[in-house]
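Structure, as structure tokens:
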Amino acid sequence: MEELRATVSSMAGILAAMAALAALEAAFPLRARGAAGRAHLAPNLTLTFLAFLTNGLLSAALVLGLAAAEASGFGLLHALALPGWASALAVLLGLDFAFYTSHVAMHKLPAFWRFHRVHHSDPLVDVTTTIRQHPGESVIRYAFLAAFALPLGASPAEFVLYRSAVALFGLLEHANLRVPAALDHVLSLVVTWPTLHKVHHARDPRLTDTNYGNLVSWWDRGLGTFTPAQVGRRVSYGLEGFDDPETQTSAGLLTLPFREVTRDVKRFIGAPARHS
């Protein structure tokens, strides 16, 4: 019951943050949206609520597993007995690296990409794109999280802290907000928003296959998948071959992982080299 209350409270907080950022998008847009922005709202919100349900169930299951592991003293951090702040920081960074690896896998493995392309096929990027996510992608992400969180010895509270940070950063990095270029540059030295992640939503696969990080930009910088934030100000969003109105509906997006798209298949037959 406690896990259910925490999940409902988290969903309410995310919706409130989405509403606040939507108001800021209207006042300080990075790009004009118009009718196209209204058209993607219904399918994006439908997938968001489905993701809430899927993620809520998976989060509750993982929290229960972490609680059992904590009670038995299982996990690296329990053996190290670090101070609370150091343990929390280790979990934040460790699970952020898990996010990075799962994200790379969803781009490199065709079976995973089928689900992740639902998120990338949005021809516009704003706060409603954040959780435009197929339920199958949620399963993939949580499998990676469990594979890192349990051996690491993350506590339930540390995992909840991580999930809260992910939700906030996800909303910020997708928000259609205009910020000064200098602020973009300074923030991108550490974090992945506001414009750094927009590069990742480019139609050009050389750019889409960069900037995978969620909380920090260090994984991309250190592992050769980084593209500077300023590039995100001028990219074209979406995926070639996915713009037809039937695909951009709730039903079309939910069935998308189970359909072949010729141009998408070519992505794995030798895309051009990434921009340096």
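Take Ile140 and tell me if it is out of contact with any Asp or Glu (no Cβ under 9 Å at 6 or more places or on another chain) and not in a helix (DSSP H, G or I). Break it down into steps so the answer makes sense when it comes.
Details: out of contact with any Asp or Glu (no Cβ under 9 Å at 6 or more places or on another chain): yes; not in a helix (DSSP H, G or I): no.
Judged against the criteria, Ile140 is not a match.
Residue-by-condition table, conditions (1) free of Cβ contacts under 8 Å to residues at least 40 places away in the same chain; (2) of a type in the set (Lys, Arg):
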position: Gly94; (1), (2): no, no
position: Thr101; (1), (2): no, no
position: Met106; (1), (2): yes, no
position: Arg117; (1), (2): no, yes
position: Gly136; (1), (2): no, no
position: Phe159; (1), (2): no, no
position: Tyr162; (1), (2): no, no
position: Leu168; (1), (2): no, no
position: Leu172; (1), (2): no, no
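Suppose we keep only residues that are basic (Lys, Arg) and over 30 Å from Ala79 (Cα atoms) within region 131-185. Which one would you say is nearest to the chain's Cα centre (by Cα)?
To start, the set of residues in region 131-185 that are basic (Lys, Arg) comprises 132, 141, 163, 178.
Adding the requirement that they be over 30 Å from Ala79 (Cα atoms) leaves 132, 178.
Details: Arg132: 9, Arg178: 20 Å.
Per the criteria, the residue is Arg132.
Tell me which residues, restricted to region 29-46, are modelled with pLDDT of 95 or more and in contact with a Leu (Cβ under 6 Å, 6 or more places away or on another chain).
Pro43
Any idea which of Leu76, Leu92, Leu66 is surrounded by fewer than 16 Cβ atoms within 10 Å (Cβ to Cβ) and at pLDDT 95 or above?
Details: Leu92 fails: surrounded by fewer than 16 Cβ atoms within 10 Å (Cβ to Cβ); Leu66 fails: surrounded by fewer than 16 Cβ atoms within 10 Å (Cβ to Cβ).
Answer to the selection: Leu76.
What number of residues within region 98-130 satisfy the criterion of being under 12 Å from the mean Cα position of the chain (by Cα) and in a loop (DSSP other than H, G, I, E, B)?
Summing the residues that are under 12 Å from the mean Cα position of the chain (by Cα) and in a loop (DSSP other than H, G, I, E, B) in region 98-130 gives 1.
The values are calculated or read from the model by the stated rules, or taken from the named source; none is laboratory data. Source: prediction; values computed, not measured. Cβ atoms come from the backbone with ideal geometry, glycine included; neighbour counts cover every protein chain shown.
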